[in-house]
Amino acid sequence: MKQASTNSRSFITKRVRYIIAFLAIALLFYNSVYFKPLDEVKAAAEEQKFDLVAFVEDLMVAKMDNVGTISVSDLYDRATVDFKELMDAEGKEMGISNFRYFMIEGTGTVVAIEEENVLLKLEGVSDTLKIATDFIFGSTLRDASGLVSISDYASTMDFNNISVEMNNQVGQIVVAPFVNKVEEGSKVVFVGGTKIDITAGAVKNLRVIPSKLEIIE
């Protein structure tokens, strides 16, 4: 009888130990895991997303003015002297391509207002130049500015969307107020990106995606 009582107490003691051990493990696990409400998790995920519009606004407002430019007259002059040297020294290249990208600035007089462009007669240059006012697409301004590099982005979609949003903001912020006021004979100061086909061997038929447009007369 005494043996049975001893066995019973031993069984109960073991059971208590198992329960205590289980509770200790459960407590440790609970303290090692932190649960957040689902709405907090979603909010945090939204904050970490790439804010494309704000990013491009910062590029256009705070950084674009600091990008180096070449005057359109210098561009033509240097191309006449040594086209290849100009392309190699000043042109920005995106991957393997026949195009080189430039940020240029200049002054011209409006000689025609077309459906998708304003045509300028340039000061100091015999050629005319197109300022894009519609059908603004591609990566010309992004690549000419050199403000972003594809190596900075794990997603090529983010990199490509930057050029899309830059073109959207050009259309809304730069071009829209300009086209409402411009007319033939207006004198215009411009800054913008353009691309040149190196196989052409000359600077001609430039079309500029503007980052700045100002009517001065």
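Bear in mind these aren't lab numbers, they're just calculated from the coordinates by the rules spelled out. These figures come from a predicted structure and were not determined experimentally. In this analysis, Cβ positions are derived from the backbone assuming ideal geometry, glycine residues included, and neighbour counts consider all displayed protein chains.
Selection of first residues in segment 112-125 that are surrounded by 14 or more Cβ atoms within 10 Å (Cβ to Cβ) and of second residues that are of a type in the set (Phe, Trp, Tyr), restricted to Cβ pairs under 6 Å at least 6 apart or on distinct chains, gives the following pairs, ordered by first then second residue: 125/76. Select from segment 126-141 the residues that are farther than 23 Å from residue 79 by Cβ and surrounded by 17 or more Cβ atoms within 10 Å (Cβ to Cβ) and write down the one among them that is farthest from the chain's Cα centre (by Cα). Here the residue is 133. Which residue is surrounded by the fewest Cβ atoms within 10 Å (Cβ to Cβ), if the candidates are limited to segment 174-198 and must be closer than 17 Å to residue 92 by Cβ and of a type in the set (Val, Ile, Thr)? Residue satisfying both the conditions and the ranking: 198.
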